[in-house]
Ligand SMILES: [Zn+2]
């Protein structure tokens with residue numbers, strides 16, 4: 001992989017200009033290559049995004065029903081949930097809803113993604129305009145409790161995954177056959193977000209990705225694997241999709257088996273490789289009792305035989321029973337001859 005940048009972002013301790021919480025740090029960040037961020041704007045934004053996909057009654061709050069209606073209308077016009085990435089990724093570097101509004105107003109009118117033209121400015125401005133009047137009451141009423149819960153989970157991650165991240169990353173790099181990415185990955189921990197509760201979006205400008213993981217969908221040890229999984233997506237994004245390494249190698253082998261360009265296996269099998277690698281990395285480096293997220297969430301079941309094939313072959317490689325090349329060749333062969 002061809003990664004280039006190394007960015008250290010230090011903790012931002014700018015105070016809030018709201019009532020009694022003015023001594024609460026605006027953003028909590030641990031300097032690390034895997035940079036966990038706890039940020040009220042990201043939490044407010046994802047709270048509204050998750051309310052928009054919920055069928056529960058909305059909390060009583062001025063302006064909230066109108067904003068949630070705007071988000072739902074925007075979801076209908078976008079068509080696919082992942083297209084929200086063009087908007088969500090703009091949270092990076094914004095401190096307030098006003099910053100986000102300014103970014104959308106001054107940013108590009110449109111963005112192309114997945115063959116679609118996204119009206120970035122029109123949707124972004126309407127959402128951010130709805131967030132601005134909600135922000136002060138969110139910070140005063142809801143944020144202190146939400147921040148405390150996020151800090152508790154962050155402390156667990158700091159003591160486990162973050163403290164041992166270099167070791168975990170080393171195993172991934174050796175397994176995938178890629179060089180050290182020299183890249184910092186931002187992971188925003190939020191209280192709630194739309195399912196499945198973890199997502200990584202490519203940046204509009206520059207390479208790499210930004211990850212959002214919620215603590216609602218990721219209980220206990222699953223949070224560790226989800227954060228690692230999303231970080232691996234971001235590192236892959238930083239290297240480009242046609243770089244070296246196991247996932248790119250597997251895609252090439254699948255194309256060589258003459259799978260049509262839109263065959264879902266071209267996407268699913270490399271993704272399963274990432275699932276298995278993340279689960280095994282947690283199990284081998286952090287917690288021998290860890291059960292894969294794919295197993296606990298039922299994702300492996302939904303992928304059926306493909307998941308079984310990738311697990312069998314990749315774990316045999318990780319156990320030293322076969323080479324990486326033999327494992328990838330076997331995955332491509334077994335998955336395409338069915
Ligand atoms: Zn994934």
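The values are calculated or read from the model by the stated rules, or taken from the named source; none is laboratory data. Predicted, not measured: the structure shown is a model, and the values here were computed from it. When we count neighbours, we look across all protein chains shown, and the Cβ atoms used for this are built from the backbone with ideal geometry, even at glycine.
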**Message:** Quick check on the range 101-124. Is at least one of its residues free of Cβ contacts under 8 Å to residues at least 60 places away in the same chain and closer than 30 Å to residue 220 by Cα?
**Reply:** no
**Filter result (touching a residue at least 40 places away in the same chain (Cβ under 8 Å), more than 16 Å from the ligand (Cβ to nearest atom) and under 26 Å from residue 182 (Cα atoms)) within the range 192-205** = 203, 204
**Request:** Grab the strands (runs of 3 or more DSSP E) fully contained in the range 4-121, keeping just those with 3 or more residues being at pLDDT 90 or above and under 20 Å from the mean Cα position of the chain (by Cα).
**Result:** 34-38
**Complete:** Of (1) within 14 Å of the ligand (Cβ to nearest atom); (2) out of contact with any strand residue (DSSP E or B) (no Cβ under 9 Å at 6 or more places or on another chain), residue 234 fails just (2)
**Item:** Residue count, the range 206-221 (criterion: crowded, with 20+ Cβ neighbours inside 10 Å and within 15 Å of the ligand (Cβ to nearest atom))
**Value:** 7
**Request:** Consider only pairs whose beta carbons are under 6 Å apart and that are at least six residues apart or on different chains; among these, list those whose first residue lies in the range 223-252 and is within 28 Å of residue 195 (Cβ to Cβ) and whose second residue is modelled with pLDDT under 85 and within 15 Å of the ligand (Cβ to nearest atom).
**Result:** 237/202
**Complete:** Scanning the range 47-77 residue by residue, the ones that are loosely packed, with under 11 Cβ neighbours inside 10 Å and without any contact (Cβ under 8 Å) to a residue 12 or more places away in the chain total 5
**Message:** So, in the range 294-338, exactly how many residues are under 16 Å from residue 249 (Cα atoms) and assigned to a helix (DSSP H, G or I)?
**Reply:** 17
**Request:** Quickly run through the range 279-295 and pick out the residues that are farther than 14 Å from residue 314 by Cα and either within 13 Å of the ligand (Cβ to nearest atom) or at pLDDT below 95 (or both).
**Result:** 293, 294
**Message:** Restricting to the range 249-278, name every residue that is touching a helix residue (DSSP H, G or I) at 6+ places or on another chain (Cβ under 8 Å), part of a helix (DSSP H, G or I) and away from the ligand (no atom under 12 Å from the Cβ).
**Reply:** 249, 250, 251, 253, 254, 255, 256, 265, 266, 269
